[in-house]
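Structure first, commentary second.
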Amino acid sequence: MEKSYFIETWGCQMNDLDSQRLGGQLRLRGYRRAESAREADLILLNTCSIRDKSESKVYSRLGELRYQRRRGARIGVAGCVAQQEGERILERSPWVDFVMGPANVGFLDEIIDGKKKIAVDFPAERSYDHLTIDRPSAVRAQVTIIEGCNKNCTFCIVPTTRGREISRPSRDLMAEIRHALEQGRVEIELLGQTVNAYRCPETGMDFAALLEAVTDLSGLLRLRFMTSHPAEVTGRLIEVMRDRAQICRFLHLPVQSGSSAVLRRMKRLYTRERYLDTVDRIREAIPEMSFSTDLIVGFPGESESDFELTLSLMERVRFGSIYAFKYSPRPGTPALRLGDPVPDPIASERLNRVFALQEGIERETLRSYVGRVIPVLYEGPSARDASVFAGKSEHNWTVNFISPRPAELGRLVDVHIHEALHHTLRGEAVA
Ligand code: 5AD
């Protein structure tokens, strides 16, 4: 009889894509996707361990899934918590059938047969079969170009869970991207923890050259990428972004803190001044560039004046959107030894001040689009109202619009923006 699977995915875009890869491999083995964990023969948790007691969340979910095991379902744990906890998951939750880390996503075949209960090594050769990815969108395809991270930010668990950097050969990437375009996808998003550190292991091609090669392909309307490390933004990269119109005028550039003293303790490899200089150089070349960022508040030793430097940096850059978090101690990371913790109520208060400031900036940013006509990549009817079309602007805003004619999936539509809502824009297609 046909078997079914269900995957629960937490965390970043890399994890989303890893789940698409796992789902595709299962489909090839004759599994179909189940509607819920309760109906599935195989339940996979694709976990995240970036912050916030992520291990205990996984163990409590595994506790709930014990009942599913009793009715005969198999249970696997993938992702960064799997990598971090390894063997311990099988000890604490013996009803789990297998544990596999992110570097083993391509090797599900060996695990699913029951030959292996645990796969948490970092194989020198990765297996990555782009033909079996279950892509959820007919318009966009995400492509991992580099796995792991060689930066050693003192707060971060990623070097432990995803290992050292490995760039995929550009030959493979180009084949994958060509295939996605041939299938009618028009937007490509290149992914990596430090995407702009890409270097082809065979030809030495760097990230800027890769962007050029991708934008030379026909059928491509938009190219995005994330996440970029500020210390890896080169003059060449800025030039290529300026010169290639398909590259979205949108850059996710995590700053983490506006204080050089905090950045040094984080080992971010740049200062406040250097970050601002990078932003200025990009804006000079590409005035319409929109930035988003990640921020950590309450990092060990962060004083009130350090924190105010973060607020002033936000006002200076005026990010379109931000992802801000309270510092969360991660097992095995160097920041554990820094001492000088920021008390939780202070960290919470700082986080609220960040959100309050950003809300005003974001509101003004969204309002600045009202009255303008901007291209929107049409992705399908709006989730709330099927008579309304929805898509993304180049700056990554969701735009809902009405149109006298039916819009065609995967086309750029010029939309006259009438209204700015909380996080979205609303308008009407122009003839
Ligand atoms: N505590 C809080 N936030 C963290 N991030 C990474 N590690 C931690 C941590 N230990 C945030 C950073 C990073 C984003 C993906 O998650 O801002 O850019």
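The values are calculated or read from the model by the stated rules, or taken from the named source; none is laboratory data. All values reported here derive from a predicted model rather than from experimental measurement. Ideal geometry is used to build each Cβ from the backbone, glycine not excepted, and the neighbour counts take in all protein chains shown. Ligands, DNA and RNA are stripped out before the accessible areas are found, and what is left, the full protein with its side chains, is counted by its heavy atoms. Shrake-Rupley method; radii C 1.70, N 1.55, O 1.52, S 1.80 Å.
Annotations for the structure displayed:
- Here the Kirkwood formula, the inverse mean of 1/r across different C-alpha pairs, assigns the stretch 44-105 a hydrodynamic radius of 11.5 Å.
- Computed P(r) (all Cα pairs; the stretch 333-431; 10 Å bins; percent): 15, 36, 19, 14, 13, 4, 0
- When the stretch 1-125 is described by a simple charge dipole with +1 on each Lys and Arg Cβ and -1 on each Asp and Glu Cβ, the residue from C80, S60, S49 located farthest towards its positive end is S60.
- Over the chain, DSSP H runs of length four or greater, each weighted -39,500 (n - 2.57), average out per residue to a 222 nm ellipticity of -10500 deg cm²/dmol.
- Dipole magnitude for the stretch 267-365: computed about the Cα centre from +1 point charges on Lys and Arg Cβ and -1 point charges on Asp and Glu Cβ, it is near 380 debye.
- Calculated FRET efficiency, H422 to A175, Cβ-Cβ distance, R0 = 41 Å: about 0.50 to the nearest 0.05.
- The amide H of S290, built 1.01 Å from its N in the peptide plane, has F250, L251 as neighbours under 5 Å, considering only residues 5 or more places off or on other chains.
- Cα shape, the stretch 166-308, gyration tensor, a/c 1.5 rule: prolate
- Rel. contact order, % - alpha carbon contacts under 8 angstrom, at least six apart, the stretch 276-332: 48
- Convex hull projection area averaged over all views, the chain, Cα basis, nm²: 21.7
- Other residues whose C-beta falls under 12 angstrom from the C-beta of Y198 contribute a net charge of -2, scoring Lys and Arg +1 and Asp and Glu -1.
- Of the residues L22, A208, S260, the one whose Cα sits farthest towards the positive end of the charge dipole of the chain is L22 (charges of +1 on Lys and Arg Cβ, -1 on Asp and Glu Cβ, taken about the Cα centre).
- Close amide H partners of E419, meaning residues 5 or more places away or on another chain with modelled amide H under 5 Å apart, are R426.
- Protection proxy ranking, highest mean first, for peptides 6-16, 188-198: 188-198, 6-16, where packing is the per-residue count of other beta-carbon atoms within 10 Å, averaged.
- Solvent accessible area, Å² - D172, 1.4 Å probe, full protein context: 60
- Across the stretch 408-415, rounded Karplus estimates of 3J(HN,Hα) from the backbone phi angles (6.51 cos²θ - 1.76 cosθ + 1.60, θ = phi - 60°) give 9, 3, x, 9, 7, 10, 7, 10 Hz, Gly and Pro being marked x.
- Antiparallel beta bridges, as assigned by DSSP with both residues in the chain, represent about 35 percent of the total such bridges.
- Pairwise inverse Cα distances across the stretch 311-379, averaged and inverted, put the Kirkwood hydrodynamic radius at 15.1 Å.
- Rounded percent of accessible protein surface that carbon and sulfur make up, the chain, 1.4 Å probe: 49
- The chain - accessible surface per residue (Å², probe 1.4 Å): 45
- Inverse mean reciprocal Cα-Cα distance (Kirkwood Rh) of the stretch 2-47, Å: 10.5
- Mean separation of Cα contacts under 8 Å, 6 or more apart, over the residue count of the chain: relative contact order %: 10
- The stretch 117-133 - phi-based ³J(HN,Hα) in whole Hz, Karplus 6.51/-1.76/1.60, Gly and Pro as x: 9, 9, 9, 10, 8, 10, x, 4, 9, 9, 9, 8, 9, 5, 6, 9, 7
- Cα gyration tensor category, rounded, prolate or oblate, for the stretch 26-170 with a/c compared to 1.5: oblate
- Computed over protein heavy atoms with a 1.4 angstrom probe, the accessible surface ordering of R337, R140, largest first, is R337, R140.
- Net charge of Cβ neighbours under 10 Å - reference R74; Lys, Arg +1; Asp, Glu -1: 0
- For the pair S387 and A245, label points projected 7 Å from Cα toward Cβ lie 3.5 nm apart.
- Evaluated with a Cβ-only charge set (Lys, Arg +1; Asp, Glu -1), the chain carries a dipole of roughly 740 debye about its Cα centre, given to the nearest 20.
- Using the Karplus relation 6.51 cos²θ - 1.76 cosθ + 1.60 with θ = phi - 60°, the per-residue 3J(HN,Hα) values for the stretch 70-83 come to 4, 7, x, 5, 8, 10, x, 10, 10, x, 6, 5, 4, 5 Hz, with x marking Gly and Pro.
- Between R88, R264, R222, the Gaussian network model of the chain with springs among Cα atoms under 10 angstrom shows the greatest mean-square fluctuation at R88.
- Summing Cβ point charges (Lys, Arg +1; Asp, Glu -1) relative to the Cα centre of the stretch 279-431 gives a dipole of roughly 320 debye.
- Neighbour net charge for D344 - beta-carbon separation under 11 angstrom, K R +1, D E -1: +1
- Estimated distance in nm for a label pair at N396 and E288, the labels positioned 7 Å out from Cα along Cα-to-Cβ: 1.8
- Structure note, pairs K267/K392; K3/K117; K115/K151; K57/K326; K53/K267; K3/K116: Cα-Cα distances above 25 angstrom occur for K267/K392; K115/K151.
- Full-extension gain in nm, K116 to A356, via 0.36 nm per residue minus C-alpha separation: 81.5 nm
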